[in-house]
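Scroll down for the structure; my scribbles are underneath it.
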Amino acid sequence: MIRVRTAVSTAFAAATLLLLAQAAWTAQAPQERLDAEDRWAKTLRIVRETFPDVPQLSTERLAETLEADADVVLLDARSKEEFETSHLQGAVRATSMRSAREALKGHGEESVVVVYCSVGYRSSRLAQKLRATGVENVVNLEGSLFKWANEGRPVYRGSEQVRTVHPFDEDWGDLLDRALWSNPR
């Protein structure tokens, strides 16, 4: 009987601690969400202001376009390590003009070229260079892979769907849901 009481007391204490921790997190969550939303807004604004001539495509619009089976070329402007962790299905890694041009060979002018990275800065820079060399149907995925993954959209490692994304670094990784980090810290 004593063992049963001890087990019940322990379970009750654990449940109480869990409820208190959840209450503390819930009290902080709105401010954390506000901070993340504010940081996202600032990041997207900086990308738009730095690359004003690069059209931005929303994640929602890309998802619709891919579902419609449109002619889309996805270029991932991230490092090899980031790409190998996960990427959009069918994406080709292209971090330079040379690799981007190579990836575009065989695709017609009607193809929509969507470039992405972690949050959109590196991809906007590559999209800007492509536009300067005459590639007209090129856009940046606004919010890039972090926004896509944060919205619960699928990412892949090769052909296998996975649930992790490379966070780039500690600072930029704050824009990625921690549950999605490939290397949680």
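Tally up the residues in segment 109-122 that are open to solvent by 70 Å² or more (accessible area, probe 1.4 Å) and closer than 20 Å to ARG45 by Cβ, please.
Result for segment 109-122: 1.
Residues are listed down the side, and each one gets a yes or a no for (1) of a type outside the set (Val, Ile, Thr); (2) modelled with pLDDT of 95 or more; (3) at negative phi:
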position	(1), (2), (3)
ALA27	yes, no, yes
VAL54	no, yes, yes
GLU64	yes, yes, yes
ASP69	yes, no, no
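Could you list, in sequence order, all residues of segment 44-73 that are assigned to a loop (DSSP other than H, G, I, E, B) and open to solvent by less than 30 Å² (accessible area, probe 1.4 Å)?
PHE51, VAL54 - these are the residues of segment 44-73 that are assigned to a loop (DSSP other than H, G, I, E, B) and open to solvent by less than 30 Å² (accessible area, probe 1.4 Å).
Give segment 74-85 a look and list any residue that's buried (at least 22 other Cβ atoms within 10 Å of the Cβ) and in contact with a Ser or Thr (Cβ under 6 Å, 6 or more places away or on another chain), or say none.
Passing the criteria: only ALA77.
Against the condition closer than 25 Å to ARG163 by Cα and either surrounded by fewer than 17 Cβ atoms within 10 Å (Cβ to Cβ) or free of Cβ contacts under 8 Å to residues at least 60 places away in the same chain (or both), how does GLY90 come out, does it pass?
yes
State which residue is most open to solvent (accessible area, probe 1.4 Å) when the search covers only segment 123-139 and only residues that are part of a helix (DSSP H, G or I) and aliphatic (A, V, I, L, M).
Ranking the candidates gives ALA132 first.
Take the residues in segment 159-173 that are of a type in the set (A, V, I, L, M, F, W, C) and open to solvent by less than 40 Å² (accessible area, probe 1.4 Å); name whichever of them is nearest to TYR121 (Cα to Cα).
VAL165
Here's the yes/no breakdown for (1) without any contact (Cβ under 8 Å) to a residue 40 or more places away in the chain; (2) in contact with a Gly (Cβ under 6 Å, 6 or more places away or on another chain); (3) closer than 17 Å to LEU145 by Cα:
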{"position": "ALA41", "(1), (2), (3)": "yes, no, yes"}
{"position": "PRO55", "(1), (2), (3)": "no, no, yes"}
{"position": "ALA77", "(1), (2), (3)": "no, no, yes"}
{"position": "ARG101", "(1), (2), (3)": "yes, no, no"}
{"position": "LEU104", "(1), (2), (3)": "yes, no, no"}
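The values are calculated or read from the model by the stated rules, or taken from the named source; none is laboratory data. Worth saying up front: this structure is predicted, and the values here are computed from it rather than measured. No Cβ is skipped: glycine too gets one built from the backbone with ideal geometry, and neighbour counts run over all protein chains shown. Surface accessibility is based on the protein's heavy atoms, side chains included, excluding ligands, DNA and RNA. Shrake-Rupley method; radii C 1.70, N 1.55, O 1.52, S 1.80 Å.
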